[in-house]
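What follows is a set of notes on a single structure, which appears directly below.
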Amino acid sequence: MNIDGSPATADGNASARFSPGPLASKIYSVTGGDVSVEGGSHSVTLALADQYGNPIPGFTGSLLAESQDDLGDGEISAFTESTIPGTYEAKITSTSSGSKKIEVSVAGAQATVGARDTASFIPGGVSIPHEGTRYSVTEGDRVVGDGTHTVTVTLVDKYGNPVPGQAAGLSATIPEALGTGGLSEFEETSTLGTYTATLASTIAGAKDVAILHGGDRLTETGNKVAKFIPGAIDSPAYTVSLGSRVVGEDAHTVTVKLADKYGNVVSGMAAELKAATTDELGEGAVSAFVETGTPGTYTATVASTRSGGKQMTVSLTGNPVTVQGNAVALFGAGAVSSIKYVITTGEEMVGSGKHTVTIMLADKYGNPVPGQSGKLKITAKDDLGKGSISDIVETDVPGTYTATITSTIAGTKALTITVDGVEDVEGVADGNDAAHFAALPQEKAPPAPAPELAATGGSSVLPVAGISILLLLVGGALLVFHNRGRKQRSK
């Protein structure tokens, strides 16, 4: 205060103090932006003032900030008054990502929201050890070239918060071949921190899937193996073993291989396969198919007691299967068990005539046995003189052989027929059992002339039984005439 322009000296208090009025304004706001749950924090600032805007200090004990959202292991601290009078601050931390709505009260009364009332927390880095960081593969079988498996990955930080935006960092290793299949790129789903990729294969079998994030292998939970099965059977084919089998002893094998269009073998189809033949098998048969130790390969056996080729067919679920290679099961006769023979009938002249012996060889099942010409042996029981038995040759009829027999000695010639190396089996006649040879006819000497007959030319009368006979020898021919004077005969 001045008196006549000069300051007056105070006698006592010289200042007039005014304090804020009653609390009229309580406004708070939360810091913006995203803060990591790993060490980051937000602040909530509260400004208190009276109706004139004067800041009101000293209210810390009456202030409270809280959130109904999950903060995990985080918290909201107590308010502290800042260096700015009437301004109070509290710290917000959270281990749970997401937006957290903050509410502030002053002495129990709700404060007014200023710029914002939410604190945003984002996940930390991916935590490989955390149990929430994992992957799994769909279970069950998928058909190659058609079905796919899904690989699902979840990524979390060390607090278990899902970590988004990591698709590019995911990869897979699959040691098994996939053919023309493969694993697609990972994509993030609508569920935060969850990623999926699809796995396809044209090669059947189990595929062991391993997932990596930035080179670190993740832990699988549940299934990690993608199973693919063959598709529909494509171009089935069969073949029959080559060569000849001995009837009643050996069998042929019919082999079928089943695979899909990608070459994957198809197992478990033995009951749907059937081999058959319309040719005679005698006491033999065609077995059912069985799957071998090689998956997708099936075999059946064919046995026969009838020699010859057996045309084989195969069907799958009633539909014909195409042959690839040999389709004929060939069976040859067994050892000679039966020798039958027959000799031409009638008589042949000694020296010039010949008989034919026909021999039929058969095994114990009655099959003709070919190729035995060199082993067949024919022995005559009777003397053939200067005659002989020819080489034995096989005819156009398998198992049938012929030889010729000549003799210079007349009579019946019996034969013994055997096969070298075959014990206790001799030929048994199946018809005529011997060759018959006749002697040559004897030449008759000319009759001696009668005493009354001229030795040369001319004629004589020879009375015979009262009949006049004229014998005339002319050029070696004897002419006989009786009493009627007519020629009777000549010799």
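Just check the chain against the gyration tensor rule for me: Cα atoms, a ≥ b ≥ c as the square roots of the eigenvalues, rounded for a/c under 1.5, and otherwise prolate or oblate depending on whether a/b exceeds b/c. Judged from the Cα gyration tensor, the chain comes out prolate (a/c at least 1.5, a/b above b/c). Look at the alpha carbon pairs under 8 Å that are at least 6 residues apart: their mean separation over the length of segment 286-347 gives a relative contact order of 25 percent. Taking a ≥ b ≥ c as the square roots of the eigenvalues of the alpha carbon gyration tensor, segment 24-122 is prolate, as a/c is not under 1.5 and a/b beats b/c.
Summarised as an ellipsoid, segment 237-332 has semi-axes of 24, 12, 12 Å, derived from the eigenvalues of the Cα gyration tensor scaled by 5 and square-rooted, with the largest first.
Only Cα pairs under 8 Å and 6+ residues apart enter the sum, and on that basis the relative contact order of segment 267-373 stands at 21 percent. Cα centroids of segment 81-106 and segment 310-330: 86 Å apart.
For K227, the aspartates and glutamates whose Cα comes closer than 12 Å to its Cα, not counting residues fewer than 8 places off in the same chain, are E139, D141, E176, D208. The amide H of G205, built 1.01 Å from its N in the peptide plane, has F228, I229 as neighbours under 5 Å, considering only residues 5 or more places off or on other chains. Here the Karplus curve 6.51 cos²θ - 1.76 cosθ + 1.60, taken at θ = phi - 60°, turns the phi angles of segment 417-430 into couplings of 10, 9, 10, 4, x, 10, 7, 6, 10, 10, x, 10, 5, 10 Hz, with x standing for Gly and Pro.
Its relative contact order, with pairs defined as Cα atoms under 8 Å and 6+ residues apart, puts segment 24-122 at 37 percent. For K381, a cut-off of 16 angstrom between C-alpha atoms picks up these lysines, skipping any fewer than 8 places away in its own chain: K413. A simple spin-label model places pseudo-atoms 7 Å from Cα toward Cβ; at T189 and D216 they are separated by 2.3 nm. One Cα centroid belongs to segment 340-398, the other to segment 114-157; the line between them spans 93 Å.
Each value in this text was obtained by applying a stated rule to the coordinates, not by laboratory testing. Predicted model only: the values in this text are computed from it and were never measured. Because the Cβ atoms are built from the backbone with ideal geometry, glycine has one as well, and the counts that use them run over all protein chains shown.
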